[in-house]
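Working notes, beginning with the structure itself.
The values are calculated or read from the model by the stated rules, or taken from the named source; none is laboratory data. On a predicted model such as this, the values are computed, not experimentally measured, just so you know. Ideal geometry is used to build each Cβ from the backbone, glycine not excepted, and the neighbour counts take in all protein chains shown. With ligands, DNA and RNA removed, areas are computed over all heavy atoms of the protein, side chains included. Shrake-Rupley method; radii C 1.70, N 1.55, O 1.52, S 1.80 Å.
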Amino acid sequence: MTHSLSSAPRKVLRVLAPLALALTAACTAPQSGAEFNDPYESVNRDWHAFNKGLDRAVLRPASRLTEAAPDGSYDWVVNFSDNASLPGMVVNNVLQGDGQAAAQNTMRFIINTTIGMGGLVDWAGDMGLPEQSSDFGQTLAVWGVPEGAYLELPLIGPSTERDAVGEVVDLVFNPLDSVGTDAQLRYSTAARAGEIVVERGDFGNTYDEILYDSADSYAQTRLLYLQNRRFELGEEAGETQIDPYAADPYAIDPYAIDPYEELPQ
């Protein structure tokens, strides 16, 4: 079966201009004095409660099984899922003008799909070709589209207006349809779900501390997501954005009260 990657970028490009224009219009600055650009907080908190309930009922119990297994038992699931996502990363590498990353991810996909048994084994990583992670949300950031308001999406979790558009584009315009093997097309979605469970087990304590041990799991999730995402993209809060991690909102200023000041009688 012969496939071509050349049609995938064209399919994406047909929707780039209108999406970018619509997103730029939607990404308004937060209201003056707002700590976060979170105008949808009420709805976001509802979806956060839904996602938290899903974690408690499904992901957390399932992750306990993978967490208890010997190290490396489920590496093949993660390898297969990561390999299936590489064609989309290649397209985004190209759209971002990063030819080196595109070439490296292409070589990873070819090596792991062939001698790596469809991606079950990460031979490319052993050969010094690590994954160059990318997505369409990152592509929009490279093109200068602002991050917009914070969102929490059902099933997906924390996001922003910009990243939400990226999620849709990455989902709808999946170049794996053009270059993937039958096995990759058949099992990639299940492998991605399995990878989420495995990662939940690998970082179980961290997830539990955020979701179940923090005073406000929604605020903590929002804080950590924006901090990590901006770090990944090399961004800092701009003039129209309030930096959510510039200060700890729960910290007490040690200089606010002078312990040696004489109290009024």
*Carbon and sulfur together cover what percent of the accessible area of segment 97-155 at a 1.4 Å probe radius?*
64
*Evaluate E = 1/(1 + (r/R0)^6) for Leu54 and Asp202, where r is the Cβ-Cβ distance and R0 equals 25 Å; express this FRET efficiency to the nearest 0.05.*
0.85
*For every other residue with a beta carbon closer than 14 angstrom to the beta carbon of Arg60, add +1 if it is Lys or Arg and -1 if Asp or Glu, then tell me the sum.*
-3
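Solvent-accessible area per residue for segment 42-119 at a 1.4 Å probe radius, Å²?
50
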*Using a 1.4 Å probe, what is the accessible area per residue for segment 130-199, in Å²?*
43
*Leu151's amide H: which non-local residues (gap 5+, or another chain) put their own amide H closer than 5 Å, with H modeled 1.01 Å from N in plane and none for Pro or chain starts?*
Ser159, Thr160, Glu161
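What do you get for chymotrypsin sites (Phe, Trp or Tyr not before Pro) in segment 149-225 restricted to DSSP loop and a cutoff of at most 15 other Cβ within 10 Å of the site's Cβ? Could you put the intermediate results ahead of the total?
Numbers: sites: Tyr150, Phe173, Tyr187, Phe203, Tyr207, Tyr212, Tyr218, Tyr225; in loops: Phe173, Phe203.
Taking segment 149-225 and a limit of 15 other Cβ atoms within 10 Å, the loop chymotrypsin sites (Phe, Trp or Tyr not before Pro) found are Phe203.
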*Work through the residues other than Ile115 whose Cβ is under 15 Å from its Cβ and net out their charges, Lys, Arg +1 and Asp, Glu -1.*
-1
*Residue-wise, which Karplus ³J(HN,Hα) couplings in Hz belong to segment 111-128, taking 6.51 cos²θ - 1.76 cosθ + 1.60, θ = phi - 60°, and x for glycine or proline?*
5, 6, 6, 8, 6, x, 6, x, x, 5, 10, 8, 5, 4, x, 5, 8, x
